[in-house]
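Have a look at the structure below, then the notes.
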Amino acid sequence: MLEMFYKGGPLMYPILVCSMIAWAIFFERLWSYHKIQKYLRPLTLDVERLCRSDRIDEAVDLCEQTPMPLARLLLVALRHGGSSRSHIKTLVEEVSGREIAALERYLGLLGTIATITPLLGLLGTVLGMIRAFTVIATEGVGTPATLGGGISEALITTAAGLSVAVPVILLHKYLSSRVDRLTIDLEECSMQVVDLVGD
């Protein structure tokens with residue numbers, strides 16, 4: 001495996017770095033989404049229970065002590081309790097836009113990696129073919145052994161670029177679907193509290 005990596009030429013290194021960054025982003029986002037999802041229902045139920053008992057201050061304290069997107073949405077609703085439902089909903093939706101943008105952090109970079117790794121592989125292909133034709137130009141047609149280095153580099157970098165890009169595209173799609181699901185859940189949970197505290 002290492003021998004094939006070295007035969008691929010210098011462009012194998014940026015392809016490897018792109019792969020490492022992509023997997024790091026995937027696992028970091030996966031862990032973040034798991035933590036957010038885990039606290040959605042329990043936090044909503046606790047805040048609803050406190051609101052129904054007219055313990056709004058305790059609900060505010062609970063949200064302030066919970067570093068989660070939903071807590072920040074509920075905090076806006078609780079602090080404007082007594083206002084019209086439509087006004088509170090508008091305020092929550094404004095904060096929701098910022099929270100959703102935070103959920104999408106690094107997904108753009110993941111998409112970029114999925115785009116550039118095949119291009120890096122293609123560049124390696126071009127460089128490998130240039131090397132092969134340079135050998136032909138200087139030594140004549142030559143033998144398969146003299147041409148093999150350049151052609152091998154071309155094929156290896158192409159394969160490496162595609163082998164990184166294909167799974168990264170799938171990871172990006174999966175994380176995007178998780179963000180969409182979390183967005184819906186955040187809206188549902190926050191609206192439950194908005195209905196409680198709004199007039």
Close pairs (7 angstrom Cβ cut-off, 6 or more residues apart or separate chains): touching a residue at least 12 places away in the same chain (Cβ under 8 Å) in the stretch 23-42, among the charged types (D, E, K, R) anywhere
33/178; 40/185
Being within 15 Å of the chain's Cα centre (by Cα) and modelled with pLDDT of 90 or more is the requirement here; does residue 175 meet it?
yes
Quick one: in the stretch 78-97, which of the residues that are hydroxyl-bearing (Ser, Thr, Tyr) and more than 32 Å from the chain's Cα centre (by Cα) is nearest to residue 181 (Cα to Cα)?
86
Check off (1) in contact with a Cys (Cβ under 7 Å, 6 or more places away or on another chain); (2) under 25 Å from residue 114 (Cα atoms) for residue 40 and give me the number that stays unchecked.
(2)
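The values are calculated or read from the model by the stated rules, or taken from the named source; none is laboratory data. Treat the numbers as computed from the prediction; the structure is a model and nothing was measured. Cβ coordinates were reconstructed from backbone atoms using ideal geometry, including for glycine residues, and neighbour counts include every protein chain displayed.
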